[in-house]
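Notes for the one structure printed next.
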Amino acid sequence: MPKSTMKNLFSMSLRSKQIALVTFAFTLFVSIISLVLYEGSKKSVTLLVNGEQIEIKTSAHTVGQLLSSEDFEVAEHDLVTPSVNTPIEEGLSVRWEQAKQVEIHTGKEVQKIWTTERNVGDILAAAGVTLLEHDKVLPNPNENLGEDLRINVQKAFQLTLIDGGNEKQVWSTSTTVADFLKRENIQLNEHDKLNRKADGLVKPGSIVEVVRVEKVTDVVEEPTNFAVVTKSDAELLKGREKVVQEGKKGSVERKFEVVKENGKEVSRTLLSEKVIKEPQKKIVAVGSKKMVASANTSKPKTIVSRGSSAAPSGGKEFYVTATAYTAHCNGCTGTTATGIDLRANPNLKVVAVDPKVIPLGSKVWVEGYGYAIAGDTGGAIKGNRIDLHVPTKQAAYNFGRRTVKIKVID
């Protein structure tokens, strides 16, 4: 190839390189200028996303374009302020809160709500849940909701608590008796009783009663009565008694288990007893000797005179109301309390008396009747009253009722 031709080819190649270099430089210059102009057209915006602040520059024209350009997807319940159609201006502050679905459990009811609120109290207010003074809420209404997105509301109700007999009205959110007692800081002792099972349910109007049971040991020393022993005495007139030996009480120590409910004793069980002092029995002699009445005055204690009606000297004298009766009266047996057979001896002078006033077996003198034996008693003969034995009913009717003088001779 000629040298001229080679020279021409070299010159053309060099010129092409120069043109390409100039073109690249120009394109680069235009790109840089465009980039500078583009960056210069961006506006500074503060973006607050779920409480986190981000400073960005954007060329977006609206809030919606801004969020899209930052790959933020706005859902139906999300909160965007200002609205997505708001034009972007320098220094604009945009807030975006993502809504979350929260479950509100009230007893067996479950309410679901979409909300951008974070405070538990604000969420409940947005859901229309009204809290009363004694209601319980978890988490606390003053706290922010955690990641579990669940709020438990326990509605309080009123019930009656009777503890040891003391009654009061209580507000509670418990569902069982055991939980209720625990929240009320009520502890049961070993023997205490409940009116319902611990795992039983409570509801409005329920009555929970705690009976405080106490078991104590009581040791007491108590007197013991003496026995009364009687023995027949043939030397003592029938109807009379004589104390041979006075009785004396003994003592015994008794140990009891006492059960008290709400402070009141409900049972007492004897556990043991020990004699401290033996009692001394009382011995009483009871007369068995029968009295025989006759007209002979040689034995004044057992014989009644039919004769003189003159008052004897000496003896205890007082006035009594006197009536008369026969051995054949209605309800009469004919035999006196001291064993005298009046039907076999109708003419004997015997007086029915009150032994507390005139001792049985005593010899007496009665005005208008004479000497007699206090040998009988009667249901109506009480105090200063006597009943005189006469042989016939007519004699009893004729005597009637009168006040007479009587003397107890012995």
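Output the residues belonging to the range 368-380 that are surrounded by 14 or more Cβ atoms within 10 Å (Cβ to Cβ) and either in contact with a helix residue (DSSP H, G or I) (Cβ under 8 Å, 6 or more places away or on another chain) or more than 14 Å from Cys332 (Cα to Cα) (or both).
If the condition is that a residue be surrounded by 14 or more Cβ atoms within 10 Å (Cβ to Cβ) and either in contact with a helix residue (DSSP H, G or I) (Cβ under 8 Å, 6 or more places away or on another chain) or more than 14 Å from Cys332 (Cα to Cα) (or both), then Tyr369, Gly370, Tyr371, Ala372, Ile373, Ala374, Gly375 are the ones that fit.
Hey, does the range 94-117 have a residue that's in contact with a Pro (Cβ under 8 Å, 6 or more places away or on another chain), touching a residue at least 24 places away in the same chain (Cβ under 8 Å) and crowded, with 16+ Cβ neighbours inside 10 Å?
Yes, the range 94-117 contains at least one residue that is in contact with a Pro (Cβ under 8 Å, 6 or more places away or on another chain), touching a residue at least 24 places away in the same chain (Cβ under 8 Å) and crowded, with 16+ Cβ neighbours inside 10 Å.
Of these, Ser83, Ser93, Ser174, which one is within 46 Å of the chain's Cα centre (by Cα) and among the hydroxyl-bearing types (Ser, Thr, Tyr)? Steps first, please.
Numbers: Ser83 fails: within 46 Å of the chain's Cα centre (by Cα); Ser93 fails: within 46 Å of the chain's Cα centre (by Cα).
Residue meeting the stated conditions: Ser174.
Any residue that is under 29 Å from Ser172 (Cβ atoms), without any contact (Cβ under 8 Å) to a residue 60 or more places away in the chain and of a type in the set (A, V, I, L, M, F, W, C) - is there at least one of those in the range 47-61?
Within the range 47-61 (the criterion being under 29 Å from Ser172 (Cβ atoms), without any contact (Cβ under 8 Å) to a residue 60 or more places away in the chain and of a type in the set (A, V, I, L, M, F, W, C)), the answer is no, since none of the residues qualifies.
So, restricting to strands (runs of 3 or more DSSP E) that lie completely within the range 212-290, which ones have at least 2 residues that are under 30 Å from Asp341 (Cα atoms)?
228-237, 241-245, 282-289
Applying the selection to the range 379-409, what residues are in a loop (DSSP other than H, G, I, E, B) and either closer than 10 Å to Tyr325 by Cα or touching a Lys or Arg at 6+ places or on another chain (Cβ under 9 Å) (or both)?
Of everything in the range 379-409, those that are in a loop (DSSP other than H, G, I, E, B) and either closer than 10 Å to Tyr325 by Cα or touching a Lys or Arg at 6+ places or on another chain (Cβ under 9 Å) (or both) turn out to be Lys382, Gly383, Val390, Pro391, Thr392, Gly400, Ile409.
Looking at (1) β-branched (Val, Ile, Thr); (2) surrounded by 13 or more Cβ atoms within 10 Å (Cβ to Cβ); (3) under 30 Å from Val353 (Cα atoms), find the lone condition where Val252 falls short.
(3)
Taking Val364 as meeting all but one of (1) aliphatic (A, V, I, L, M); (2) in contact with a Pro (Cβ under 9 Å, 6 or more places away or on another chain); (3) at pLDDT 90 or above, write down the number of the exception.
Status for Val364: all satisfied but (2).
Would you confirm whether any residue within the range 142-154 is buried (at least 17 other Cβ atoms within 10 Å of the Cβ), outside any strand (DSSP E or B) and at pLDDT below 90?
Checked the range 142-154: at least one residue is buried (at least 17 other Cβ atoms within 10 Å of the Cβ), outside any strand (DSSP E or B) and at pLDDT below 90.
How many residues are part of a loop (DSSP other than H, G, I, E, B) and over 60 Å from the mean Cα position of the chain (by Cα) if we restrict to the range 40-65?
Summing the residues that are part of a loop (DSSP other than H, G, I, E, B) and over 60 Å from the mean Cα position of the chain (by Cα) in the range 40-65 gives 4.
Take the conditions part of a strand (DSSP E or B) and either over 36 Å from the mean Cα position of the chain (by Cα) or among the β-branched types (Val, Ile, Thr) (or both) and apply them to Glu167. Does it pass? Walk me through it before giving the result.
Values: part of a strand (DSSP E or B): yes; either over 36 Å from the mean Cα position of the chain (by Cα) or among the β-branched types (Val, Ile, Thr) (or both): no.
The answer is no for Glu167.
Without any contact (Cβ under 8 Å) to a residue 60 or more places away in the chain, part of a loop (DSSP other than H, G, I, E, B) and more than 30 Å from Leu138 (Cα to Cα): which single residue out of Ser68, Ser83 fits that description?
On the way: Ser68 fails: part of a loop (DSSP other than H, G, I, E, B).
After ruling out the rest, the residue left standing is Ser83.
The values are calculated or read from the model by the stated rules, or taken from the named source; none is laboratory data. The model shown is predicted, which means the values in this text are computed figures rather than measured ones. Cβ: placed from backbone, ideal geometry, glycine included. Neighbour counts: every protein chain shown.
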